[in-house]
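Comments concern the structure below.
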Amino acid sequence: MTTLPESEATPRAFRRLASVPRVHGWPAQSIRFTNALRRLITYLILVLLGVIMALPFVWMVSTALKPDALVFSIPPEFFPRPWVWRNFIDALTILGHPVHLYVWNTLVIAVLGVVGVALSSSLVAFGFARLEFPGRDKLFVVVLGTMMLPFAVTMVPQFILYQRIGWLDTFLPLIVPYWFGAPFHIFLLRQFFLTIPRELDEAARIDGASNLRIYWNIILPLSRPALATVAIFAFVYHWNDLLWPLIVLSSQKNWTLALFLASFQGYMQQPRWNLLMAASTVLVLPVLILFFFTQKLFIRGIVLTGLKG
Amino acid sequence: MRQTIEGYLFISPWIIGFILFTFLPVAASFVMSFFNWRLIQAPVFVGVENYVNMFTADPLFGQSLQVTLIYVVVAVPLQLAFALFLAMLLNQRVRLLPFFRTVFYLPAVVSGVAVAVLWQWLYHPDLGLINEMLRWFGIKGPAWLVSPQWALPAIIFMSLWTVGGTMITFLAALQGIPQHLYEAAELDGAGERAKFWHITLPMLSPVIFFNLVLGIIVGFQTFTQAYIMTKGGPLNATMFYALYLYLNAFNFLKMGYASALAWVLFLIILVITIAQLKLSRRWVYYEFEEARA
């Protein structure tokens, strides 16, 4: 018996058929037919929604490949001919921006941010998951509480601090804070560490291993999936982030790809949508590829944080 | 004793980071909110003037708060409902489940500037795909982002495209509901609707609650869409609070006023979150989680 919810798609007429012999509220003779019909409707909705969800991506790539003239054709064409691959080159070069630098900058910020947040958060998470000390649980509540704090509150003082110490227009404000652990990742890793049997630590401790050793040689190797999840989430976060780089980075040579795309329209009197979409595709593609190869980790990470919250 | 020292050593990165990048900035922000500080000049103490000005001299404060509240009140429940709907569809033992799950989740991964630029193009009044599709049904679509009435609904609608993360938490929770509960209910003659209201929803309530709290916190900080797609316009119809705060701080260089705005936002989020925690005792069902732990 499937556990379908009663959806609007359930035809009311079937309920009127209600003859006396009933199974689970449905007339017995029509139950098989009804189930088949329901499955059909479920699949129809799934396919329809799937198409709708995928359509913006298709539209993005289709526009990115259009010659200028076709962008303005009404009705719009989904499959432009010819495909103008040059749009991708134009999108990255037309403004004369050093896009290769933006790629490099984004990668440097993302990779250093990821390494720092994974190392520091796992260290902190180990302390919260495995060691007993007074005030631990209260401090963990503070960790969770900071997730509630809007970035707007700390943004202005941090900006002024970095201005004073000469960090503005460098990558440091975008990287260094992440070397001190991030609440979300501490939380995620702690949840994962709690699932690792304590007997493993105890055995190592009897053999004379220190906590640092247990952390490094036992917990971390067993936590590769969780660490990968953290790395992916952090990478995507840095890759997509707009607000903080917008505030911190001013000179063009320090820009990230997100800043480049954000400024793209401003530089053109008439937005050239095919080039904009080509640039968007370039920004989106690495994340999509990353996602396709690491889907399971993404999903596990979300489940880990979402369920026991 | 050794354990205590070691424990604090392990969490010391977070403690130092918390003091440097959270506690001190929060305190500084609070102090700054009582100053008039245009960054280039020395700060001048003005007492509660910034807070008073918000309510008496700055119509954009009210406007941006209203825009953001509408967004949170409308978009967050819609997002949860849509995510739950998708999750329940996927929970029908469908074939190709990983395929559909990927398709539904994909937009959530790429959120950010690219999504905002893409939707700006989808919403283009003449050339956009959305109005083109409306034309297939003989509907003349509105001007969306350039229309004061439609710009905010457009941003709300677009937020439904990126509910994939929420959907996956719901799907995992649905799969965790023991089947015997449904079987017992069926023996008692419960229909589909009763099972949904009396089993599915209560069993999901911790996840719904988690996503509701998080969704509201994130919703209040909506920035990228407004910054990229509308710059707050037209006629400030999409002047989100976070965008207005950003403009005050980094365009008008009113650091003190921006800090006061930030504190009001913080208090609003704090009050709403605490209220939700208190109210949650009435509707969030935790017995199962406790029994399992």
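Brief remarks follow.
- Filtered by the rule that a residue be more than 18 Å from A:Val71 (Cα to Cα), part of a helix (DSSP H, G or I) and open to solvent by less than 30 Å² (accessible area, probe 1.4 Å), the range B:115-141 gives B:Val115, B:Ala116.
- Members of the range B:142-194 that are over 25 Å from B:Leu212 (Cβ atoms) and part of a loop (DSSP other than H, G, I, E, B): B:Pro142, B:Ala143, B:Ser147, B:Pro148, B:Gln149, B:Trp150, B:Asp188, B:Gly189, B:Ala190, B:Gly191
- Taking the listed residues A:Arg300, A:Arg205, A:Arg213, the one that is charged (D, E, K, R), more than 24 Å from B:Lys231 (Cβ to Cβ) and within 13 Å of the chain's Cα centre (by Cα) is A:Arg300, with no other qualifying.
- Filter result (open to solvent by 60 Å² or more (accessible area, probe 1.4 Å) and over 11 Å from A:Ala129 (Cβ atoms)) within the range A:188-212: A:Pro197, A:Glu199, A:Leu200, A:Glu202, A:Arg205, A:Ile206, A:Asp207, A:Gly208, A:Leu212
- Some residue of the range A:71-88 being under 27 Å from the mean Cα position of the chain (by Cα), under 30 Å from A:Val248 (Cα atoms) and part of a helix (DSSP H, G or I): yes
- Of the residues screened, B:Trp263 is not one that is among the aromatic types (Phe, Trp, Tyr), over 30 Å from B:Leu118 (Cβ atoms), in contact with a Ser or Thr (Cβ under 7 Å, 6 or more places away or on another chain) and more than 12 Å from chain A (Cβ to nearest Cβ).
So that you can scan it fast, the table gives a plain yes or no per residue for (1) part of a loop (DSSP other than H, G, I, E, B); (2) touching a helix residue (DSSP H, G or I) at 6+ places or on another chain (Cβ under 9 Å):
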site	(1), (2)
B:Phe10	no, yes
B:Pro13	no, yes
B:Ile16	no, yes
B:Ala42	yes, no
B:Phe55	no, yes
B:Gly62	no, yes
B:Gln79	no, yes
B:Val94	yes, yes
B:Arg101	no, yes
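- Members of the range B:1-30 that are within 13 Å of A:Leu149 (Cα to Cα) and open to solvent by less than 20 Å² (accessible area, probe 1.4 Å): B:Pro25, B:Ser29
Quick grid of which residues meet (1) farther than 30 Å from B:Ala42 by Cα; (2) among the small types (Gly, Ala, Ser); (3) facing another protein chain (nearest Cβ under 9 Å):
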{"residue": "A:Leu95", "(1), (2), (3)": "yes, no, no"}
{"residue": "A:Val108", "(1), (2), (3)": "yes, no, no"}
{"residue": "A:Leu112", "(1), (2), (3)": "yes, no, no"}
{"residue": "A:Ser121", "(1), (2), (3)": "yes, yes, yes"}
{"residue": "A:Glu132", "(1), (2), (3)": "yes, no, yes"}
{"residue": "A:Val143", "(1), (2), (3)": "yes, no, yes"}
{"residue": "A:Ile160", "(1), (2), (3)": "no, no, yes"}
{"residue": "A:Leu168", "(1), (2), (3)": "no, no, no"}
{"residue": "A:Ala182", "(1), (2), (3)": "yes, yes, yes"}
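- Checking B:Thr22 against (1) of a type in the set (Val, Ile, Thr); (2) more than 21 Å from B:Phe250 (Cβ to Cβ); (3) without any contact (Cβ under 8 Å) to a residue 12 or more places away in the chain, the condition it does not meet: (2)
- Test: residue in the range B:147-170 that is without any contact (Cβ under 8 Å) to a residue 24 or more places away in the chain, crowded, with 23+ Cβ neighbours inside 10 Å and either closer than 23 Å to A:Ser280 by Cα or of a type outside the set (Val, Ile, Thr) (or both): no
- Single residue of A:Pro76, A:Pro56 found to be open to solvent by less than 30 Å² (accessible area, probe 1.4 Å), in contact with an Asp or Glu (Cβ under 8 Å, 6 or more places away or on another chain) and without any contact (Cβ under 8 Å) to a residue 24 or more places away in the chain: A:Pro76
- Residue under evaluation B:Trp197, criteria (1) part of a helix (DSSP H, G or I); (2) more than 7 Å from every other protein chain (Cβ to nearest Cβ); (3) at pLDDT below 90, criterion not met: (3)
- Qualifying positions in the range A:249-288 - open to solvent by less than 30 Å² (accessible area, probe 1.4 Å), over 23 Å from the mean Cα position of the chain (by Cα) and over 24 Å from A:Gln158 (Cβ atoms): A:Phe264, A:Met268, A:Trp273, A:Asn274, A:Leu275
- Any hit, the range A:139-161, residues being open to solvent by 40 Å² or more (accessible area, probe 1.4 Å) and in a loop (DSSP other than H, G, I, E, B): yes
- Considering the range B:171-180, and only residues there that are more than 9 Å from chain A (Cβ to nearest Cβ) and free of Cβ contacts under 8 Å to residues at least 12 places away in the same chain, the residue that is farthest from B:Gln120 (Cα to Cα) turns out to be B:His180.
- For the range A:255-262, the condition holds for at least one residue, the condition being that it is within 9 Å of chain B (Cβ to nearest Cβ) and under 24 Å from A:Leu297 (Cβ atoms).
- Some residue of the range B:14-33 being closer than 19 Å to B:Val264 by Cβ and more than 11 Å from chain A (Cβ to nearest Cβ): no
- Some residue of the range A:205-212 being in contact (Cβ under 8 Å) with a residue 40 or more places away in the chain and either in the same structural domain as A:Gly113 (by TED's automatic domain parsing) or of a type in the set (Gly, Ala, Ser) (or both): yes
- Residues satisfying the stated conditions in the range B:37-65, i.e. more than 27 Å from the chain's Cα centre (by Cα), of a type outside the set (A, V, I, L, M) and more than 14 Å from chain A (Cβ to nearest Cβ): B:Phe45, B:Gly47, B:Glu49, B:Asn53, B:Thr56
The values are calculated or read from the model by the stated rules, or taken from the named source; none is laboratory data. Note that this is a predicted model, so its numbers are computed, not measured. Every residue, glycine as well, gets a Cβ built from its backbone with ideal geometry; the counts of neighbours run over all protein chains shown. Remember, those area values only see protein heavy atoms, side chains included, never the ligands or the DNA or RNA. Shrake-Rupley method; radii C 1.70, N 1.55, O 1.52, S 1.80 Å.
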